[in-house]
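A.B. asks: One structure is given below, represented as structure tokens, and several questions about it will come after.
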Amino acid sequence: MAGEMFLYWGSGSIPCWKPMIVLEEKGFGGYKNKLVSFSNKEHKGEDVLKLNPRGQVPTFKDGDIVVNESNAVCDYLESSYKDKGAQLIPSDKAQRARVLQRMHEANNNMQQKLMLDLLYYFFQTKEEDRKEEEIAKKSEAAKEEMNRWEGYLGETKSFLAGNDFTMADVYFFPYLAFAVRMGMDIEKYPNLKAYYEKVCGRPSIKATWPPHWKEEPPKFSPLQGRV
Ligand SMILES: N[C@@H](CCC(=O)N[C@@H](CS)C(=O)NCC(=O)O)C(=O)O
């Protein structure tokens with residue numbers, strides 16, 4: 001049985017978005033939560049640090065059980081509540097292999113090539129210090145990565161690992177949505193575009209869409225004309 005759940009989260013945080021989607025998909029919507037303000041350093045507050053000494057979000061509790069680290073929360077929810085709501089990791093061995101592969105592939109490659117290599121370069125390098133040559137190389141790698149996922153969707157013509165929404169989609173979609181917000185030209189990727197529109201229509205995605213994205217346009221669009 002589930003205990004009382006509590007999630008500390010931040011708006012627009014990819015690590016937070018993943019377990020939030022899982023909570024909705026598994027039918028735990030309405031759980032207690034606190035949206036932390038990064039600018040007020042609420043993620044370094046005593047209440048968070050008590051549960052997560054790293055002072056990061058997501059920080060999650062299920063009754064007395066504390067689980068931090070986004071992927072651990074997703075895995076915990078799926079394995080502890082397998083039969084509740086949507087099954088996000090299939091029982092069938094071959095299908096499970098496909099889902100696990102795509103989950104970890106998204107986690108490793110999208111995080112590295114899109115976020116750490118490319119977007120963080122923009123976030124952390126002053127405009128006057130940015131080198132066009134570096135940006136072109138990093139953008140090319142991100143574009144190649146997007147094309148890989150475009151190809152996977154060309155095979156499934158549906159969700160990432162087949163006809164059902166799975167944990168592979170939970171791990172991948174927030175990166176795609178972030179890329180779109182940062183100016184990715186999704187029109188250039190017809191399969192990703194159809195996928196993006198379909199997933200955006202899911203109740204779990206609508207319920208967890210980053211609140212500040214609804215209110216504020218992005219401050220800049222570094223991917224525009226590049227990815
Ligand atoms: N590996 C962690 C990363 C979590 C993380 O970096 N969260 C960010 C928000 S996106 C955070 O809390 N940053 C504040 C900090 O590190 O001080 C996970 O996947 O949960």
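A.B. asks: In segment 189-211, is there at least one residue being surrounded by fewer than 18 Cβ atoms within 10 Å (Cβ to Cβ), closer than 22 Å to MET115 by Cα and among the hydrophobic types (A, V, I, L, M, F, W, C)?
C.D. replies: yes
A.B. asks: Moving to a separate point now. If I ask for residues that are within 22 Å of the chain's Cα centre (by Cα) and part of a helix (DSSP H, G or I), which ones from segment 52-93 would you list? Outline the logic, then answer.
C.D. replies: Step one: of segment 52-93, the residues within 22 Å of the chain's Cα centre (by Cα) are 52, 54-62, 66-82, 84-90.
Once the filter is applied, which keeps residues that are within 22 Å of the chain's Cα centre (by Cα) and part of a helix (DSSP H, G or I), segment 52-93 yields SER70, ASN71, ALA72, VAL73, CYS74, ASP75, TYR76, LEU77, GLU78, SER79, SER80.
A.B. asks: In segment 13-31, how many are surrounded by fewer than 20 Cβ atoms within 10 Å (Cβ to Cβ) and in contact with a Lys or Arg (Cβ under 9 Å, 6 or more places away or on another chain)?
C.D. replies: 2
A.B. asks: Looking at segment 34-51, which of the residues that are within 12 Å of the ligand (Cβ to nearest atom) and part of a helix (DSSP H, G or I) is nearest to GLU4 (Cα to Cα)?
C.D. replies: This residue is VAL48.
A.B. asks: Among the listed residues GLN101, GLN56, which satisfies the condition of being under 29 Å from SER139 (Cβ atoms) and away from the ligand (no atom under 16 Å from the Cβ)? Walk me through how you get there before you give the answer.
C.D. replies: Working: GLN56 fails: away from the ligand (no atom under 16 Å from the Cβ).
Just a single option satisfies the conditions, and that option is GLN101.
A.B. asks: Listed residues TYR121, TYR31; which is in the same structural domain as MET167 (by TED's automatic domain parsing) and more than 16 Å from the ligand (Cβ to nearest atom)? First the steps, then the outcome.
C.D. replies: Numbers: TYR31 fails: in the same structural domain as MET167 (by TED's automatic domain parsing).
It is TYR121.
The values are calculated or read from the model by the stated rules, or taken from the named source; none is laboratory data. Worth saying up front: this structure is predicted, and the values here are computed from it rather than measured. Please note: Cβ atoms are built from the backbone with ideal geometry, for glycine as well, and neighbour counts cover all protein chains shown.
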